[in-house]
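Novice: Quick one: the structure is below, and I'll ask about it shortly.
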Amino acid sequence: MAVLLVMACVVLAGNSAYATTFLRWTQSSGVGTGSGAMQINGSYVNQYDEGTAIGTVLSEGTVEQINDGVVEQTVDYQVILQNASNLFYKESDDLTNNAFVIHANGQADWYSSIKGSGTAAILFDFYDTNSGFAVEEAVALSFTSPHEQPDVVDSLAAEVKRLHYNEVYDIKAFGASGSLLRTFSDQHNQLQQGVATGTMPDGSAADFSLGWAEPGFGNDLNGDGNLDVGEALFTYDLTEAESFLISRSGDNGKRSAIGFTAEGFFGTTTPPIPPQPDPPTPPEPPAPPTVPEPAGLLLAIIGCGLLPWRRRPS
């Protein structure tokens with residue numbers, strides 16, 4: 001979620017490793033899977049397909065920024081389906097082909113599986129905690145490599161676990177917080193910028209493509225030509241916004257997985273200051289002594305001087 005960010009470039013490496021600052025998502029409700037299950041192997045799997053209505057809330061709950069084990073900020077979130085066309089689904093690994101997933105450790109990944117002309121898009125909305133998803137909050141996000149291999153969540157997902165060449169992503173921001181700015185941490189030149197205009201369905205240029213093309217590229221440690229968890233070492237950091245639309249489209253139709261986190265500044269609402277007791281009322285100072293006015297003082301002196309004359313016998 002804001003986020004915001006200009007974020008420090010701290011990189012996640014591996015399934016269990018956390019950056020110093022990371023996001024912990026806690027789902028309160030979601031759509032679950034087509035089979036009716038809400039959790040698989042400890043992960044909340046919120047699946048969608050072409051029959052899922054646009055505007056469906058896939059997941060909602062709270063998200064916290066954790067810094068060195070301390071909760072620094074909490075907001076509410078909703079993840080809403082915005083586009084789902086020409087998807088790969090109805091296959092043996094259907095459960096994780098297209099899903100927003102929150103793992104047992106609170107990290108969140110988006111698994112998408114589209115055909116060559118397909119599009120998948122989800123919207124992140126953020127709100128002040130306990131506002132009933134009514135009062136918008138600005139949050140910063142980062143993209144990073146997926147936190148969990150999809151086949152750890154669903155043992156049948158043999159392909160979606162890999163980040164393939166030329167997966168094209170686009171990001172838009174909405175709300176009152178200003179223009180979307182982007183910074184990068186890309187140790188191995190795995191992101192390609194300046195994707196040609198017209199890549200996305202609305203004719204716009206995509207924000208980035210995952211751009212390796214051969215085994216051994218970048219941080220492909222096992223040389224299989226794909227980037228697995230712990231190999232795609234990059235962050236794509238966004239400034240704060242109340243809503244982020246994340247789209248994948250116009251690529252070569254491979255399955256993909258990408259993670260969400262925040263590094264640095266998250267949330268614009270400062271924690272409430274507890275009420276303080278009213279300070280005690282200081283006692284009123286004693287009244288200053290009365291000083292007679294000069295005219296009254298003169299009359300008093302004259303009167304005192306005439307007293308002996310009044311007491312003289314006749």
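Novice: When Lys and Arg each count +1 and Asp and Glu each count -1, what net charge do the other residues less than 15 Å away from residue 207, Cβ to Cβ, add up to?
Specialist: Details: positive: 172, 182, 248; negative: 167, 170, 186, 202, 237, 251.
Overall, the nearby charge balance is -3.
Novice: Evaluate the distance, in nm, between pseudo-label points positioned 7 Å from the Cα of residue 204 and of residue 71 along their respective Cα→Cβ axes.
Specialist: 3.4
Novice: So, one more: When the chain is fully extended, how far beyond the present Cα-Cα distance does residue 20 get from residue 85, taking 0.36 nm per residue of separation? Could the numbers behind the result be given before it?
Specialist: Details: separation 65, 0.36 × 65 = 23.40 nm, distance 3.72 nm.
Extra length from residue 20 to residue 85 when fully extended: 19.7 nm.
Novice: Arranged from highest to lowest average of other beta-carbon atoms within 10 Å per residue, in what order do the peptides 58-69, 110-121 appear?
Specialist: Working: 58-69: 18.7, 110-121: 21.2.
The packing order, highest mean first, is 110-121, 58-69.
Novice: Each residue of the range 195-204 in turn: what ³J(HN,Hα) in whole Hz from Karplus with 6.51, -1.76, 1.60 and θ = phi - 60°, glycine and Pro shown as x?
Specialist: Couplings: 5, 4, 4, x, 5, 7, x, 8, x, 7 Hz.
Novice: In addition: Could you compute how much accessible surface residue 103 exposes when probed at 1.4 Å, giving the result in Å² to the nearest 10?
Specialist: Accessible area of residue 103: about 10 Å².
Novice: Sticking with this structure for a sec: Could you check the spin-label model distance between residue 176 and residue 37? Points 7 Å from the Cα along Cα→Cβ, value in nm.
Specialist: 4.4
Novice: Could you sort 33-45, 72-84 so that the peptide with the highest average Cβ count within 10 Å comes first and the rest follow in order?
Specialist: By packing density, highest mean first, the sequence is 72-84, 33-45.
Novice: With r as the distance between the Cβ atoms of residue 196 and residue 104 and R0 = 41 Å, compute the FRET efficiency 1/(1 + (r/R0)^6) and round to 0.05. Numbers along the way, then the final one.
Specialist: Working: r = 40 Å, r/R0 = 0.98.
Plugging the Cβ-Cβ distance into 1/(1 + (r/R0)^6) gives 0.55.
Novice: Could you check how many percent of all C-alpha pairs in the range 25-70 are farther apart than 11 Å?
Specialist: Cα-Cα pairs in the range 25-70 separated by more than 11 Å: 70 percent.
The values are calculated or read from the model by the stated rules, or taken from the named source; none is laboratory data. The model shown is predicted, which means the values in this text are computed figures rather than measured ones. Positions of Cβ are generated from backbone atoms using ideal geometry, with glycine treated the same way; all protein chains shown enter the neighbour counts. Only protein heavy atoms, including side chains, enter the accessible area calculation; ligands, DNA and RNA are left aside. Shrake-Rupley method; radii C 1.70, N 1.55, O 1.52, S 1.80 Å.
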